[in-house]
Amino acid sequence: MEERKDGKQHIFLIGFMGSGKSTVGELLAERLSLPFIDSDREIEKSEGKSIDEIFSREGEKAFRDMELNFLVELKGLKPSVVSLGGGLPAINGALELMHQFGLVIYLNTSLLTLIQRLKNEKDLRPLLKDLSDAEFHPFVEDLLSQRVHFYKQAKLIMPNERNSPIELVDKLTKELNKLNY
Ligand SMILES: Nc1ncnc2c1ncn2[C@@H]1O[C@H](COP(=O)(O)OP(=O)(O)O)[C@@H](O)[C@H]1O
Ligand SMILES: O=C(O)C1=C[C@@H](OP(=O)(O)O)[C@@H](O)[C@H](O)C1
Ligand SMILES: [Mg+2]
């Protein structure tokens, strides 16, 4: 796909941890024959360490700076499907950048579904891994409530819980066609 005339060359997937951005993003990129980029994976590659090591050695603020730098660097890349870590849209200026050079899609997933998915994968995410069972639900509920305002600024809001990832890709490609993507 050539760079689009409106400059909105990327397709950004945003949403809370566990909403399916990395999973669905890879499948969508395959379907659209576009490169797939995952912000966490790219940051791990460029830093030569895991997200967990970045959080523990350099702190969350340093990670957020890395996320914003990653986003800025995307401007020069050819059209891709880009899955962004759950906290990225809440970084000051991030959403404006995304809207400048991409179509922003929010994978809207209910708190209950997020809890179910995340409780089995706590260790994969530094913000969750040290939470006790009693802390887990309130933490996720509170953080989601802080961020949903940013997620809802997406151009397209797609639920991702009743369908399988590939069924969602089918729905997404139909919506993208309607938007001439
Ligand atoms: N539509 C879906 N139905 C069921 N499970 C899903 C769906 N989308 C993603 N998942 C699962 O949810 C978990 C989190 O998915 P992931 O792509 O890592 O989310 P994110 O990148 O948004 O944190 C994974 O175990 C994934 O297999
Ligand atoms: O919500 C967040 O602050 C985070 C989400 C993670 O990405 P996923 O949303 O892909 O899990 C990862 O960037 C990091 O653990 C922080
Ligand atoms: Mg992810």
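Read the figures in this text as sums done on the coordinates, not as results from a lab. Computed from a predicted structure; not experimentally measured. Cβ placement follows ideal geometry from the backbone for every residue including glycine, while neighbour counts extend to all protein chains displayed.
Which order results if Lys21, Lys129 are arranged by neighbouring Cβ count within 10 Å, fewest first? The partial results should precede the final answer.
Details: Lys21 28, Lys129 12.
Going from sparsest to densest Cβ surroundings: Lys129, Lys21.
Hey, fewest Cβ within 10 Å first, where do Thr109, Thr23 land in order?
Values: Thr109 23, Thr23 19.
Lowest count first: Thr23, Thr109.
Which percent of the Cα-Cα distances in the chain go past 31 Å? It would help to have the intermediate numbers written out before the result.
Details: 1924 of 16290 pairs.
Looking at the chain, the distances longer than 31 Å represent 12 percent of pairs.
So what's the angle, to the nearest 10 degrees on a 0 to 90 scale, between helix 21-32 and the longest Cα principal axis of the chain?
Approximately 20 degrees, to the nearest 10.
With runs of 4+ DSSP H residues as the only contributors, calculate the mean residue ellipticity of the chain at 222 nm using -39,500 (n - 2.57) per run, divided by the residue total and rounded to the nearest 500. Kindly include the intermediate steps, with their values, before the conclusion.
Values: 9 runs with 96 residues, N = 181.
Taking each H run of at least 4 residues, the total per residue is -16000 deg cm²/dmol.
Counting residues in region 37-79 as N, plug N into 2.2 N^0.38 Å and put the Cα Rg over that result. Kindly include the intermediate steps, with their values, before the conclusion.
Values: Rg = 10.6 Å, N = 43, 2.2 N^0.38 = 9.2 Å.
Taking the Cα Rg and dividing by 2.2 N^0.38 Å, one obtains 1.15.
Order these by the 10 Å Cβ neighbour count, fewest first: Tyr151, Tyr181, Tyr106.
Numbers: Tyr151 22, Tyr181 16, Tyr106 25.
So the residues, fewest neighbours to most, are Tyr181, Tyr151, Tyr106.
Which lysines does Lys45 reach when only Cα atoms under 30 Å apart count, and residues fewer than 8 places away in its own chain are ignored?
Partners found: Lys8, Lys21, Lys61, Lys75, Lys78, Lys119, Lys122, Lys129, Lys152, Lys155.
Where does the charge balance sit around Arg57 when Lys and Arg score +1, Asp and Glu -1, over other residues with C-beta under 11 Å from its C-beta?
Details: positive: Lys49; negative: Glu47, Asp52, Glu53, Glu58.
Summing Lys/Arg as +1 and Asp/Glu as -1 gives -3.
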